[in-house]
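Single-structure report; data block below.
The values are calculated or read from the model by the stated rules, or taken from the named source; none is laboratory data. Owing to the predicted nature of the structure, the values given are computational and were not obtained by experimental measurement. Please note: Cβ atoms are built from the backbone with ideal geometry, for glycine as well, and neighbour counts cover all protein chains shown. Surface areas here come from the heavy atoms of the whole protein model, side chains and all, with no ligands, DNA or RNA. Shrake-Rupley method; radii C 1.70, N 1.55, O 1.52, S 1.80 Å.
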Amino acid sequence: MGKNYSASSDDITRDFLDSLLIEPRYLDSDLPSLQCTVFGKTFETPIMTAALSHLHDICEDAMCEIARGAKAAGAVHWYGMGTDEELESIVATGADTIKIIKPHADDKEVFRRIEHAAKTGVFAMGMDIDHSFSWDGKYDNVLGLDMRPKTTEQLKAYVEASPVPFIVKGVLSIQDAEKCVKAGAAGILLSHHHNIMSYMVPPLKLLPEIRKAVGKDYPIFVDCGIVSGMDVFKALALGADAVCVGRGFMGPLKEGCAGVLNKYNEMNAALSAVMARTGAKTIADIDPTVLHRRDF
């Protein structure tokens, strides 16, 4: 990992991203389209907001402002933990929102949240399975709410209860990915949840293996450490259908919706530039063979 190596999964992920080099291909190229399709709907960019929570100190009405920014960019918006009322306000912005539900110990609460999210009109929903355990080897407790690990059969029940696509967030192994497919999940999000455990494998390192295991048409999304259009390109080249950006939006969010949209424009421009320079006219044209691992 080089001289900056540390136990932090965030640092390891950054090192891996920076180890990927790009081979340009200019002939027969042109300016690309960034449009992508998620669960049958076309969006203007494969860059999505991450499932963030509790951003209230960043700016006024921050949770809705980031949603408005995603809507203005023609992008998918993800939303994490919060109140029913907050989710309703976010969906009311018009943003196509994916609601992520915690793995509550009380299954009745999980099903209640599934029902509420569906009634609110979310685009899709899911669960972050990596919040089952805490750093001290016990079951997790998030803001006073008890969490528990879930079985494949429980996951199947959540999928069947949801009238919209149900996604599993926090997948970072072939085994879990295959269980999600078995349970009928509509897609998976590869993530180590911002260093929820040290020494975790970078999501992009496992992405090609997981892609091979679940098949070319199964939706795979990726987050963790993606902050630029170049990072987005590398994730797409390795097999992601779209990516989530979290911390990259938190600084721009100080300027509200306009700041988020400016960040989108910046990342989209960088993604467009590298696609043009590698001969990819659409997201589907991105060729993984343009990537090389640095060995010097």
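Relative to the longest principal axis of the Cα atoms of the chain, the long axis of helix 62-73 makes an angle of roughly 40 degrees. For segment 77-120, the C-alpha radius of gyration divided by 2.2 N^0.38 Å, with N the number of residues, is 1.11.
Counting only residues 5 or more places away or on other chains, whose amide H sits under 5 Å from the amide H of D146 once H atoms are built in the peptide plane? Counting only residues 5 or more places away or on other chains, the set is A105. Of all DSSP-defined beta bridges confined to the chain, some 30% are antiparallel rather than parallel. Taking Cα centre as origin and charging only the Cβ of basic (Lys, Arg, +1) and acidic (Asp, Glu, -1) residues, the dipole magnitude of segment 143-210 rounds to 40 debye. Evaluated over the Cα positions of segment 202-296, the convex hull gives a direction-averaged projected area, one quarter of its surface, of 6.9 nm².
Among the listed pairs K99/K281; K71/K179; K41/K234, give every one whose C-alpha distance is greater than 27 Å. Listed pairs above 27 Å: K99/K281; K71/K179. Extension gain for A161-K119 works out to 13.9 nm (0.36 nm per residue, less the C-alpha to C-alpha distance).
With protein chains left intact and a 1.4 Å probe, residues in the chain average 46 Å² of accessible area per residue.
What net charge do the residues around D106 carry, taking every other residue with its C-beta under 13 Å from that of D106, with Lys and Arg at +1 and Asp and Glu at -1? Charge balance near D106 sits at +3. Its DSSP H runs of at least 4 residues, each contributing -39,500 (n - 2.57), put the calculated 222 nm mean residue ellipticity of the chain at -11500 deg cm²/dmol, to the nearest 500. For segment 103-148, trypsin sites (Lys or Arg not before Pro) meeting the loop criterion (DSSP other than H, G, I, E, B) and having at most 15 other Cβ atoms within 10 Å: K138. Measuring between alpha carbons in the structure, the pairs from K108/K169; K138/K205; K138/K216; K102/K216; K138/K263 lying more than 32 angstrom apart are K138/K216; K138/K263. Applying both filters, DSSP loop and at most 14 other Cβ atoms within 10 Å, to the chymotrypsin sites (Phe, Trp or Tyr not before Pro) of segment 1-50 gives Y5, Y26.
Across I196, I167, the residue with the most accessible area heads the list, and the full order at a 1.4 Å probe is I196, I167. Highest average first, the peptides 96-104, 128-136, 272-280 ordered by how many other beta carbon atoms sit within 10 Å of their residues are 96-104, 272-280, 128-136. log₁₀ I(q)/I(0) of segment 89-228 at q = 0.10, 0.13, 0.19 Å⁻¹, via Debye over equal Cα point scatterers, no solvent, to two decimals? So the normalised log intensities are -0.33, -0.57, -1.21. Annotation: amide H of F133 within the under-5 Å range of D140, sequence separation 5 or more or interchain, hydrogens built in the peptide plane. Between F111 and T83, the distance separating the two model label sites (each 7 Å from Cα on the Cα→Cβ line) works out to 2.6 nm. Take the Cα pairs of segment 1-125, get the Kirkwood Rh, then feed it into Stokes-Einstein at 10 °C and 1.306 mPa s and tell me D in µm²/s. So the translational diffusion coefficient is about 92 µm²/s. The long axis of helix 203-214 is offset from the longest Cα principal axis of the chain by roughly 80 degrees. Remark: C-alpha extents of the chain on the principal axes read 57, 38, 35 Å, sorted largest to smallest. Taken about its Cα centre, the chain carries a charge dipole of roughly 580 debye when the Cβ of each Lys and Arg holds +1 and the Cβ of each Asp and Glu holds -1.
To put it simply, the accessible area of the chain at a 1.4 Å probe is 52 percent carbon and sulfur. Averaging over all projection directions, the Cα-based convex hull of segment 176-239 occupies 4.5 nm² in the image plane.
Each residue of segment 23-38 is assigned a 3J(HN,Hα), and the resulting list reads 9, x, 9, 8, 5, 6, 9, 6, 5, x, 9, 9, 4, 9, 10, 10 Hz, derived from the Karplus form 6.51 cos²θ - 1.76 cosθ + 1.60 (θ = phi - 60°), x at Gly and Pro. Taking the Cα centre of segment 207-296 as reference, the dipole from Cβ charges on Lys and Arg (+1) and Asp and Glu (-1) amounts to some 120 debye.
Between S33 and S8, residue separation times 0.36 nm minus the direct Cα-Cα distance comes to 5.4 nm. So what's the angle, to the nearest 10 degrees on a 0 to 90 scale, between helix 174-183 and the longest Cα principal axis of the chain? Orientation of helix 174-183: about 50 degrees from the principal axis.
Placing V232, V214 in order of accessible area, with the largest value first and a 1.4 Å probe, yields V214, V232.
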